[in-house]
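Below: one structure, written as structure tokens.
The values are calculated or read from the model by the stated rules, or taken from the named source; none is laboratory data. These numbers come from a predicted model, not from an experiment. In this analysis, Cβ positions are derived from the backbone assuming ideal geometry, glycine residues included, and neighbour counts consider all displayed protein chains. In case anyone asks, the SASA skips ligands and DNA or RNA and just uses the protein heavy atoms, side chains included. Shrake-Rupley method; radii C 1.70, N 1.55, O 1.52, S 1.80 Å.
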Amino acid sequence: MGFTYAVYVGVGKEIEVLEKIKAKIQLFGNPGIVEITALETFVQFVDKKIRKKSIKAMHEGYLYVTVEKTENGLLEMDRSCYHFLRYIPFVKKILNCFIPQEIWENIKANIDTEPEIGILDSSKNFMLVKKAREILAVLKAKKEENSRNFIKILSKIYKTEKRKAHGKEKFYMIPLSLINVVSGPEDWPHKSPPDGLEQTLAQTLLHKLNNFFDHIAAQYGK
């Protein structure tokens, strides 16, 4: 419980500012900050190897800071927390009234922070997107209770067609939950195949995803 404020920061600096706040708390003590979040998630690309995770904020240019109290019981942030945050590099402005608790809980409940894995498709055919679109249409028409999770997953895959991994048109963007379903512990995320293998890690994952989609189609497609 507390009072949550939007903090405006430089676009692309959200995670850096979050870490600076944490570091400052370690150095100087906590003035009354309960929580700091950028509603962050991560993207990780896979081709011949697993690349380093790229952490990103879901709302560009925003951090959200929850504090213990307001200034004299009013809408504004407690002064000690305000001044603690205000002069951290890249902090531009702190909203002068807190976000109502109900709205804040609704924001957190509805923002999708599931990590995504970008998987290289060297052929650039995007057959998984085509399959996702076809199966999605069938499942929505059937309106089966058991197919809801598949609809959610397939809807995310379908977004790949429009986003193309933020300009990286050779990559599928796959929810991490789906990667965990189709991939065993022997190949994800613990290790990458040695150089020179005929089938790369990306190709292995795409093959498993393709088989999984065929399984869904066989189960619900008729």
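Within the range 52-95, the residues that satisfy the criterion of being among the β-branched types (Val, Ile, Thr) and in contact (Cβ under 8 Å) with a residue 60 or more places away in the chain are 65, 66, 67, 70, 88, 91, 94. Where residues in the range 104-138 are part of a helix (DSSP H, G or I) and touching a strand residue (DSSP E or B) at 6+ places or on another chain (Cβ under 9 Å), which of them is farthest from residue 182 (Cα to Cα)? Looking at the filtered set, the residue picked out is 104. Could you tell me whether residue 37 is β-branched (Val, Ile, Thr), within 23 Å of residue 97 (Cα to Cα) and within 19 Å of the chain's Cα centre (by Cα)? Yes. Within the range 20-49, work out how many residues are within 23 Å of residue 104 (Cβ to Cβ) and assigned to a strand (DSSP E or B). Of the residues in that region, 8 qualify.
In the range 45-89, of all residues being open to solvent by 20 Å² or more (accessible area, probe 1.4 Å) and among the polar types (S, T, N, Q), the one that is modelled with the highest pLDDT corresponds to 80.
Return yes when residue 154 is in a helix (DSSP H, G or I), at pLDDT 75 or above and either surrounded by 14 or more Cβ atoms within 10 Å (Cβ to Cβ) or not assigned by the TED database to the domain that holds residue 210 (or both) and no when it is not. So residue 154 does not fit the description; no.
Selection over the range 1-26 of residues that are more than 17 Å from residue 90 (Cβ to Cβ), modelled with pLDDT under 95 and loosely packed, with under 13 Cβ neighbours inside 10 Å gives a count of 1. The residues of the range 90-106 that are within 12 Å of residue 6 (Cβ to Cβ) and surrounded by 15 or more Cβ atoms within 10 Å (Cβ to Cβ), listed by number, are 91, 94, 95, 98, 99, 104.
If you go through the range 108-138 and pick out every residue that is in contact (Cβ under 8 Å) with a residue 24 or more places away in the chain and within 23 Å of residue 7 (Cα to Cα), you end up with 5. Taken over the range 7-51, the criterion of being over 25 Å from residue 172 (Cβ atoms) and of a type in the set (Lys, Arg) is satisfied by 13, 20, 22, 24. What residue, among those in the range 76-124 that are of a type in the set (D, E, K, R) and under 30 Å from residue 201 (Cβ atoms), is farthest from the chain's Cα centre (by Cα)? Filtering first and then ranking leaves 124. As a summary of the residue check, residue 75 satisfies the conditions (1) of a type outside the set (S, T, N, Q); (2) closer than 30 Å to residue 119 by Cα; (3) part of a loop (DSSP other than H, G, I, E, B) except for the one numbered (2).
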